[in-house]
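Values quoted throughout were computed directly from the atomic coordinates according to the rules given, and no laboratory measurement underlies them. The shown structure was predicted, so the numbers you read here are calculated from the model rather than taken from an experiment. Virtual Cβ from ideal backbone geometry, glycine too; neighbours counted across all protein chains shown.
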Amino acid sequence: MAKLSPQQIAANLKLPGWEYKNNALVKRFQFESFMKALDFINHVGEVAEAADHHPDIYVNYSRVTFSCSTHSEGGVTEKDLSLAENIENLYGREGSWKPAT
């Protein structure tokens with residue numbers, strides 16, 4: 001899968017709060033607690049594993065930053081746009097993460 005140009009990324013990245021920086025799509029999410037952050041990470045892990053494409057994940061208590069990049073291509077590909085969209089859809093456009101029961 002080919003690396004996208006910054007112009008292609010700008011034209012296709014329509015997700016709230018996601019940024020293109022350091023050759024990756026990046027967004028920080030805020031949760032009510034550390035445990036809710038971990039629960040969300042586990043759910044993202046399931047989605048990422050199913051897609052066989054995994055984000056870099058940084059955890060700082062109740063803040064989680066996802067960084068999506070296709071390392072083998074040296075930057076952002078369609079896989080990363082799709083993964084970012086899946087993460088955003090899982091979180092919910094309103095920022096109201098409700099873990100599955």
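Just a few scattered comments:
- Environment charge of residue 47, counting only residues whose C-beta is closer than 13 Å and scoring Lys/Arg +1, Asp/Glu -1: -4
- Amide H contacts of residue 75 (H built 1.01 Å from N, under 5 Å, at least 5 apart or other chain): 70
- For the stretch 1-67, the list of GluC sites (Glu not before Pro) that fall in a loop by DSSP and count at most 13 other C-beta atoms within 10 angstrom reads 32.
- Near residue 4: Cβ cut-off under 13 Å, other residues only, Lys/Arg at +1 and Asp/Glu at -1. The net charge is -1.
- Taking label points 7 Å from Cα along the Cα-to-Cβ direction, residue 20 and residue 39 give a separation of 3.5 nm.
- Computed magnitude of the charge dipole of the stretch 6-91 (debye, nearest 20; Cβ of K, R +1, Cβ of D, E -1): 360 debye
- Neighbour net charge for residue 19 - beta-carbon separation under 11 angstrom, K R +1, D E -1: +3
- Calculated mean residue ellipticity at 222 nm for the chain: -12000 deg cm²/dmol, from DSSP H runs with n ≥ 4 weighted as -39500 (n - 2.57), summed, divided by the residue count and rounded to 500.
- Mean separation of Cα contacts under 8 Å, 6 or more apart, over the residue count of the stretch 6-91: relative contact order %: 33 percent
- Difference of contour (0.36 nm per residue) and Cα-Cα distance, residue 89 to residue 47: 14.0 nm
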